[in-house]
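Below is one structure; the comments refer to it alone.
The values are calculated or read from the model by the stated rules, or taken from the named source; none is laboratory data. Model, not experiment: these values are computed from the prediction. All Cβ positions, glycine included, derive from the backbone under ideal geometry; neighbour counts span all protein chains shown. With ligands, DNA and RNA removed, areas are computed over all heavy atoms of the protein, side chains included. Shrake-Rupley method; radii C 1.70, N 1.55, O 1.52, S 1.80 Å.
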Amino acid sequence: MNLVDINTLFSTEDKCRELLVRLRFPEGPRCLRCKMPVVELETEKQLFYCKDCDYQFSVTSGTVFNDSHLPLVKWFLTTHLLCEAKKGMSALQIKRTVGMSYKTAWYLCHRIRHAMVQTDKPMLDGKVEMDVTYVGGWNRGKGQICKFDNKEVVIGIRKRNGDLRFFHAQDAKGGTLAKYIRENISEDVEVIFTDDHSANEAAMRKTNRTDSHKKINHSSGVYVMGDVHTNTVESAFSLLKRGIMGTWHRISAKHLPAYLEEMEFRFNRRNRKDLFLDTLRHMVTADPLTFQRLTA
Ligand SMILES: [Zn+2]
């Protein structure tokens with residue numbers, strides 16, 4: 001689906017709402033409280049009414065669209081733009097392109113992002129690469145020791161020809177890496193590729209993966225040796241960094257996990273033709289994100 005399709009298919013609030021009803025209630029509208037079938041009221045806003053528990057609601061009640069005064073047409077356009085931008089899109093760009101205040105655009109992007117979360121994350125197996133990168137804060141200090149002082153640690157794990165996982169971690173020590181290995185890499189993984197940083201070896205020992213570990217000696221300037229490399233996870237890192245540098249400019253540590261989820265969500269669906277519909281499906285099933293919670 002391209003921008004012209006979106007503009008044609010979802011040109012009115014009614015058309016948008018109809019799609020949301022189909023995505024939220026694939027087997028027909030049901031009461032949000034008692035799950036009984038409901039009737040549609042003869043109202044402008046397509047409200048549903050449950051006779052069994054006397055409850056009235058709309059298709060967007062209790063979702064990320066909750067209480068929004070922004071037209072659905074703008075929600076749809078922005079969702080499409082965020083789906084199509086491989087490196088993400090800034091609130092400033094949305095403000096200009098779709099037409100709304102900066103504050104509205106900022107909140108809107110966060111709510112869409114809030115829904116761009118994979119609910120099922122199967123353990124990765126086969127050939128898996130793991131690496132660490134540092135994003136954010138520019139250090140003005142001198143010397144190696146404080147090089148990463150005000151940067152955030154991002155751990156990337158990627159199955160070759162498969163899924164990617166990004167995590168905002170506290171540090172890149174062996175114990176931390178081991179935790180993410182246990183939670184994301186299957187015990188019968190074929191190979192785990194990393195660089196020769198000593199924390200990786202510690203993590204492999206802690207998780208009994210020493211036998212499946214292959215490392216590339218980045219410290220001696222070697223980046224590929226046969227099939228031993230971490231290039232595919234590094235290409236995902238470079239996309240992330242270009243997103244952060246070029247699109248979002250400054251990301252606070254607080255919002256970093258949400259940006260990582262967005263990147264991961266889009267990356268893992270990069271070959272899917274239904275990315276836009278799938279994102280909307282997540283949006284009508286995700287919990288609301290209040291402005292208060294976002295800015296707390
Ligand atoms: Zn009910």
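Residue-wise test of (1) open to solvent by less than 60 Å² (accessible area, probe 1.4 Å); (2) within 30 Å of H80 (Cα to Cα); (3) at pLDDT 95 or above.
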residue	(1), (2), (3)
V117	yes, yes, no
D120	no, yes, no
K127	no, no, yes
D131	yes, no, yes
N139	yes, no, no
M1 - would you say it is under 27 Å from K103 (Cβ atoms), more than 16 Å from the ligand (Cβ to nearest atom) and modelled with pLDDT under 95? no
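Can G28 be described as open to solvent by less than 50 Å² (accessible area, probe 1.4 Å), within 23 Å of A258 (Cβ to Cβ) and within 16 Å of the ligand (Cβ to nearest atom)?
On the way: open to solvent by less than 50 Å² (accessible area, probe 1.4 Å): yes; within 23 Å of A258 (Cβ to Cβ): no; within 16 Å of the ligand (Cβ to nearest atom): yes.
The answer is no for G28.
Do any helices (runs of 4 or more DSSP H) lying entirely in the range 254-296 carry at least 1 residues that are buried (at least 16 other Cβ atoms within 10 Å of the Cβ) and free of Cβ contacts under 8 Å to residues at least 60 places away in the same chain, and which ones are they?
In the range 254-296, the matching helices (runs of 4 or more DSSP H) lie at 275-283.
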Those residues of the range 213-226 which are at pLDDT below 95 and open to solvent by less than 60 Å² (accessible area, probe 1.4 Å) amount to I216, H218, G221, V222
Those residues of the range 36-51 which are more than 9 Å from the ligand (Cβ to nearest atom) and either exposed (fewer than 14 other Cβ atoms within 10 Å of the Cβ) or in contact (Cβ under 8 Å) with a residue 40 or more places away in the chain (or both) amount to V39, E40, L41, E42, T43, E44, K45
Restricting the range 52-95 to residues that are of a type in the set (S, T, N, Q) and in a helix (DSSP H, G or I), the one surrounded by the fewest Cβ atoms within 10 Å (Cβ to Cβ) turns out to be Q93
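Open to solvent by less than 40 Å² (accessible area, probe 1.4 Å), aliphatic (A, V, I, L, M), within 22 Å of A115 (Cβ to Cβ) and within 16 Å of the ligand (Cβ to nearest atom): is that true of V21 in this structure? Talk me through it step by step, then tell me what you get.
Details: open to solvent by less than 40 Å² (accessible area, probe 1.4 Å): yes; aliphatic (A, V, I, L, M): yes; within 22 Å of A115 (Cβ to Cβ): yes; within 16 Å of the ligand (Cβ to nearest atom): no.
No.
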